[in-house]
Amino acid sequence: VASTGEDGRLHVQQIYSPAGKIVQPWHFTFPKALRCCAVFPDYREDQRCVIVGGDEGKLCLSRKGAYEVANHVIHSGEGTVCATAMCASLVAWANEKSVKVYDVMSQQRVTFVSRPKGEDTSVVRCRLTWAAADTLLVAWDRVVQVLKIRENSFAQGASVKSGEVVGQLQMHGQARVCGVAPFDDQHLVILTSELEASDEELPQHHVFTLAGAISCTDYVPIRGCAGRRPQDFRLCWSGMDRPSYIVAPKDIMMVRKRELLDHVKWLLSKQRYEEALSVAEEGDEIVKRHAAKESIRLLLSDKEAGPRDPRRAAALVPDLPLTTMGNWQELVLDFDKDKCLEYLADALPVPPSAVALTKADYDLVLLRVVHGDPGKLLGLLERWPADAYDPELLAQNIAAALSAAGQDEEGGQSTTARHLKRAMVLLHERRGHVARAADALLALEDRDVFRVLAKNMGNPDIVVLIKKSILTLFQLDCQGACTLLVDSDMALRTIPLSVVVTALEAKSADFHMHHYLQYVFRRDPVVGQEYHKRQIELYAEYEPQALLGFLEQTDHWNPAEALAIVRKKKLQDCEVFILGRTGEQQKALRILLDDLGNVQKAVVFAAKNQNEELWQQLMEYVAGRPAALAELLNCLDNLDALGVSGALIPEMASPATIIKSLPEALYVQADKVAKVVLDLEVRVALHRHEVNLMQQEGADQLKGLVQKRRRGVTVDPEKGWCCYCRRLLRWRPDGQGRPGLQRVDSDALPPTHVLVGENKVAHKICYANFCKRKEAEKLKKEAASR
């Protein structure tokens, strides 16, 4: 360690010796005040060298010999040397004019950097820091420069070092640079202070990027800053992985890079728990555990930073590295001690997918939930296996809580009581008391009762309960009751149709009976035949628009009784259908025309019944009614859209006949008549076109056949073969179609061959024999068929 003073005294003390012996300090006194010093990097017992500078204006290399101190002047003549720094063989120093770099090993001047214009060294002396062996940081008043040292090699093997400023930062305002040091490869640390500091204006510790952007800024908590100048503060840097030091008149403060755990602790102090846990994920297990445990501890305890939040603490539990039963039991005790164990219930592990706690732990949690948060109880019981807790003990706790639960303001069951009773239902199910569970669900008016009843339909107690509560079930959910009583064969056997109808009749529940019988009919139209008359009454009362569809699907009803019902309710569509079913079709058509005035339905009715008298009646109705006549023509033109596309329309009701029979004085919409006429013209044109096409196709086929028959074929007797006997044509055949033994010259060959077809040639006799055989086979087949 080397130190200098304004008295010109240099004092050097070797703190560590490799041999372990005590080395005596040495000192030397210069004529004038010393302002800076730097110890050689390879300072050792045989080379005790120190660089010093001061008001004398000289930069000296002081070497301690065996008997005396030798001083070698490196530079002089440019004013006070206010700063010096050394790295390897390079020594840098600053005076009032510039910064210079010198290589003490090669004794070469490396570079110099002039002081920036406008910077005053009387306020703050220049600060020098070696960031690396080739990087020097220079601080002038408000300017920070980055100086890069480069080594240039030449062909002869010699090398020369030079320097260049590669970056510069300018501070603004009254802040002055007290020191500079590297933070990492991409950032710099700059210590600044105001010109006239007060107790409130503390020095600031900045982290800058090399581009000049501020990454973070912190105030340095140093005592007694009032009246201090920037010259009174220094930033001392000892290495990239080592802490740096801020030196003040009364304090020395160590500054180190903040670790991940420090950042986590700061986030926790700001109540940013989720962010702290997210940051902790980048660290090791110690950081993760600390972040999670501290988050939960702070949220559960009363503190000045904010109110306790056990719900938020429980949400952080999944981030805890809890792997053993002991860890979970410790956490359960922590939450129970703070009287918020019910918040932890959802986060507890449940076997077999996770580590299991003891039954006593789960019982304790359920007890706290029963009294603290009953709304969560049902969800826990649905997720937890039945053997994880004691159901009898839980039932006792729920019963005690129910006795203490009161009623709501309207005199009904309170929300707490409903939650507890719903949990009790689940306990009844798991213990096999399904009838008690269903009865409790009915009392709660809970639709889940249908699930319990359908699942246990074979239980005699359930059957008795259903028969006793038929109306209650329908009032709770009519659709659910119909599904329960109809969808399964077991339900129809155990609870017959007559039992349900009798129970509903006794309570005058006609609406529910209507839906029940309708559901039965849709499942099986035959089962409830004896109640079809009753269904007609119910349809007419509650769903008249669906009565016609019901009448069309079944025949098990009395026409007279049904007619009386529909006439009473004035359901004329149904009356028309019943009259048509009983054969009174003309009455039905009269209702459609005279009462309803619906020509479209009248056309459909006449087309379905295929009765010319109905068409005649329809023609008479529209004869004097132009609007009805126009609608009739429109219906006849769109039979496909009416669903009677295959119906036969008599000639008397065809559009053409209707148009011809129109009186001259009758006004009909021109577009309706024009459309009919246009359709007729189109049909006639199509017919004529089809006839012309058929005639043309017949003429073309006849012409082709004639041309084919006229075509000749070249026959060579020397090479041609008979297609029947498979012999050459030049062999003369006998009367049986067999070739003779005598060869005949081709020139003397008589015309004994014939063209069969498709360019095939045969002997005349062979072809005649083939025809005879085919005729004989044909006669034989006809005789066999007779």
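The values are calculated or read from the model by the stated rules, or taken from the named source; none is laboratory data. Computed from a predicted structure; not experimentally measured. Here the Cβ positions follow ideal geometry from the backbone for every residue, glycine too, while neighbour counts run over all protein chains shown. Ligands, DNA and RNA are stripped out before the accessible areas are found, and what is left, the full protein with its side chains, is counted by its heavy atoms. Shrake-Rupley method; radii C 1.70, N 1.55, O 1.52, S 1.80 Å.
Taking all protein chains into account, the per residue accessible area for the range 359-481 stands at 48 Å² (1.4 Å probe). Extension gain for the segment L702 to A776, taken as residue separation times 0.36 nm less the Cα-Cα distance, is 23.5 nm to one decimal. Using only Cα coordinates, the Kirkwood hydrodynamic radius of the range 139-218 works out to 14.4 Å.
3J(HN,Hα) along the range 326-334, derived from phi through the Karplus expression 6.51 cos²θ - 1.76 cosθ + 1.60 where θ = phi - 60°, amounts to x, 4, 5, 5, 5, 5, 4, 5, 4 Hz, with x in place of Gly and Pro. Among 70-77, 109-116, 292-299, the peptide with the highest mean count of other Cβ atoms within 10 Å heads the list, and the full ranking is 292-299, 109-116, 70-77.
If I compute solvent accessible area with a 1.4 Å probe over the protein chains, what percent of it on the chain is carbon and sulfur? Its accessible area is 50 percent carbon and sulfur atoms. Going 7 Å from the Cα of Q475 along its beta-carbon direction, which residues of the range 420-461 have the amide nitrogen within less than 19 Å of the resulting point? From the range 420-461, the list is 438-450. Where a ≥ b ≥ c are the square roots of the eigenvalues of the C-alpha gyration tensor, would you call the range 330-454 rounded, which needs a/c under 1.5, or, failing that, prolate if a/b is larger than b/c, or oblate? Oblate, since a/c reaches 1.5 and b/c is not below a/b. Placing a label point 7 Å from the Cα of A386 along the Cα-to-Cβ direction, no residue of the range 320-356 has its backbone N under 14 Å from that point. Ordered from highest to lowest accessible area with the whole protein assembly present and a 1.4 Å probe, C36, C236 read as C236, C36. For the range 497-512, the residues whose amide N sits under 17 Å from a probe point set 7 Å from the Cα of D524 along the beta carbon direction are 497-501. The distance between label points at E690 and D284 comes to 9.7 nm (points 7 Å beyond Cα on the Cα→Cβ vector). Counting pairs of alpha carbon atoms under 8 Å apart in space and at least six apart in sequence, what relative contact order in percent does the range 275-385 give? It comes to 19 percent, rounded to a whole number. Using 0.36 nm per residue and subtracting the Cα-Cα separation, the extra length available between K97 and W721 on full extension is 211.9 nm. Amide hydrogen proximity for C178: with H placed 1.01 Å from N in the peptide plane, the residues at 5 or more positions away or on another chain lying under 5 Å are L191, T192, S193. Per-residue Karplus couplings for the range 429-442, computed as 6.51 cos²θ - 1.76 cosθ + 1.60 with θ equal to phi - 60°, are listed in order as 5, 5, 8, x, 8, 5, 5, 5, 5, 5, 4, 5, 5, 5 Hz, Gly and Pro entered as x. Note on Q329 and A546: their simple-model spin labels are 6.3 nm apart, each label 7 Å out from Cα toward Cβ. Mind checking the log10 I(q)/I(0) for the range 263-376 at q = 0.14 Å⁻¹? Debye, one equal scatterer per Cα, no solvent, two decimals. With no solvent term, the Cα-only Debye profile gives -0.58.
Each Cα pair under 8 Å and six or more residues apart adds its sequence gap; the mean of these over the residue count of the chain is a relative contact order of 3 percent. Under 13 Å from the Cα of K708, which aspartates and glutamates turn up, not counting those fewer than eight places away in the same chain? Correct list for K708: D700, E758.
Checking the cross-link pairs K64/K97; K376/K468; K58/K257; K467/K570; K337/K359 against a 27 Å limit on the alpha carbon distance flags K64/K97; K376/K468; K58/K257; K467/K570 as lying beyond it. Near G8, the amide H atoms lying under 5 Å from its own belong to L34; only residues 5 or more places off or on other chains count, and H is placed 1.01 Å from N. Between E68 and E275, the C-beta separation translates, for a Förster distance of 56 Å, into a calculated FRET efficiency of about 0.30.
By the rule of a C-alpha distance below 19 Å, with chain neighbours fewer than 8 residues away ignored, the lysines paired with K270 are K288, K293, K303.
Taking every protein chain into account, the accessible area of the range 1-137 amounts to 51 square angstrom per residue (probe 1.4 Å). Pairs of Cα atoms nearer than 8 Å and 6+ residues apart set the relative contact order; for the range 171-264 it is 22 percent. Ligands, DNA and RNA aside, S215 has an accessible area near 70 Å² when probed at 1.4 Å.
Rolling a 1.4 Å probe across all protein chains gives S353 an accessible area of roughly 110 Å². Counted residue by residue at 0.36 nm each, then reduced by the alpha carbon distance between them, the extension gain from S106 to Q170 reaches 19.6 nm.
Across the range 194-349, Cα-Cα pairs more than 23 Å apart make up 55 percent of the total.
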